[in-house]
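One structure below.
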Amino acid sequence: QLPTPSGALHYVTHGPPNRSVLLFIHGTPGDWRVFSQQMSDPKLQPFYKVAVDRPGWGGSSYQGIEWPLSLAQQSQQLLPLLRHLKKRSNSRLMIIGHSLGGSLVAQMALDHPEWIDGAVVVAGDLSEKYLPITWYNELASWKIIRPLLPANLRRANDEVLALQHDLAALKPRWDKLQVPLLVLLGAEDSLVDPKNGDFSKKLSSGSPVQVTIYDQEGHLFLMGNPALVNNAISSFFQEHFGAATPSRSPVSPLR
């Protein structure tokens, strides 16, 4: 666990810490275990892999903030971990998020470019325009229904309902993107509209944005077909940064 001013962050690691870092961030509900196949895949063996529980999930705590935490608040909560990993590895750091974790990755890339070298969004919403608030999201928020739901589903629904506002707040900031971004989507995703890919392709930013949409894949291709994601991560990193080898000096400014 990493103590922070607003709680503690629980995370797991795999590999030598002096290598380039892949930081994995899960969606809602969930915890770090959604990335088990990324943590163990030999394809990603050259990296120092880290999977974190988002604040309020798994073993990570928070305090002094009302639930649900906004993307901006979670981004700030995770900043101490970015600093810790960057200083420890003294090398490249790329963040990868699935579903709502992908939306959070976009927020973090815009908030902390001095600590992040690249970002990968897997089946994540990036535009409020394509974020449907379904009838069951609204139903789950009714006072008469809410107590009947398991606690993790209530909390997850709170995060989904807050996401539209958070994505709208990101919209005017996209032209300030300073790190390479890879967006991976499933054409058959029933939870995240693949039109987020169209939105991503039209982004005007100073950094490259790549979009891949996989035919016949749904929302959970991260787990159902992990080789797609793992190969894409490895290729994206190599394209922009070369081999995932230890660095003898900082590759981006530390502050």
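The values are calculated or read from the model by the stated rules, or taken from the named source; none is laboratory data. Treat the numbers as computed from the prediction; the structure is a model and nothing was measured. Positions of Cβ are backbone-derived with ideal geometry, glycine not excepted, and every protein chain shown enters the neighbour counts. Note: areas computed on protein heavy atoms with side chains; ligands, DNA, RNA excluded. Shrake-Rupley method; radii C 1.70, N 1.55, O 1.52, S 1.80 Å.
The residue that is most open to solvent (accessible area, probe 1.4 Å), counting only those in the range 198-213 that are aliphatic (A, V, I, L, M) and assigned to a strand (DSSP E or B), is Ile213. The condition of being at pLDDT 95 or above, among the hydroxyl-bearing types (Ser, Thr, Tyr), farther than 19 Å from Leu82 by Cβ and in contact with a helix residue (DSSP H, G or I) (Cβ under 8 Å, 6 or more places away or on another chain) holds for only one of Ser200, Ser205, Ser127, Ser141, that being Ser127. For the range 61-80, which positions are among the aromatic types (Phe, Trp, Tyr) and either crowded, with 16+ Cβ neighbours inside 10 Å or outside any loop (DSSP other than H, G, I, E, B) (or both)? Tyr62, the sole residue that qualifies. Criterion applied to Arg83, Arg88 was being in a helix (DSSP H, G or I), more than 27 Å from Leu220 (Cβ to Cβ) and either free of Cβ contacts under 8 Å to residues at least 40 places away in the same chain or touching a Phe, Trp or Tyr at 6+ places or on another chain (Cβ under 8 Å) (or both), and the one residue passing it is Arg83. The residues of the range 178-197 that are within 14 Å of Ser127 (Cβ to Cβ), in a loop (DSSP other than H, G, I, E, B) and touching a helix residue (DSSP H, G or I) at 6+ places or on another chain (Cβ under 7 Å), listed by number, are Asp193, Lys195.
Contact map, the range 223-243: first residue touching a residue at least 60 places away in the same chain (Cβ under 8 Å), second residue β-branched (Val, Ile, Thr), Cβ cut-off under 7 Å, separation 6 or more or different chains; pairs are Met223/Val34; Val229/Val122; Ala232/Thr212; Ile233/Ile96; Ile233/Val120; Phe236/Val120.
Looking across the range 214-234, the residues that are part of a helix (DSSP H, G or I) and closer than 14 Å to Val183 by Cβ come down to Phe221, Leu222, Leu228, Val229, Ala232, Ile233.
I need the full set of residues from the range 25-55 which are part of a helix (DSSP H, G or I), open to solvent by less than 10 Å² (accessible area, probe 1.4 Å) and under 24 Å from Leu71 (Cα atoms), in order please.
If the condition is that a residue be part of a helix (DSSP H, G or I), open to solvent by less than 10 Å² (accessible area, probe 1.4 Å) and under 24 Å from Leu71 (Cα atoms), then Phe35, Gln38 are the ones that fit.
When Ser36, Ser75, Ser99, Ser103 are checked against the criterion of being under 21 Å from Gly224 (Cα atoms), of a type in the set (Gly, Ala, Ser) and touching a helix residue (DSSP H, G or I) at 6+ places or on another chain (Cβ under 7 Å), a single residue qualifies: Ser103. Of all the residues in the range 163-193, those that are among the small types (Gly, Ala, Ser) and buried (at least 16 other Cβ atoms within 10 Å of the Cβ) number 1. Taking each residue of the range 16-36 that is touching a residue at least 24 places away in the same chain (Cβ under 8 Å) and looking for partners that are among the polar types (S, T, N, Q) and assigned to a helix (DSSP H, G or I) with beta-carbon atoms closer than 8 Å, six or more apart or interchain, yields Pro17/Ser89; Asn18/Ser89; Arg19/Ser89; Ser20/Ser89; Val21/Ser89; Leu22/Gln38; Phe24/Gln38; Pro29/Asn152.
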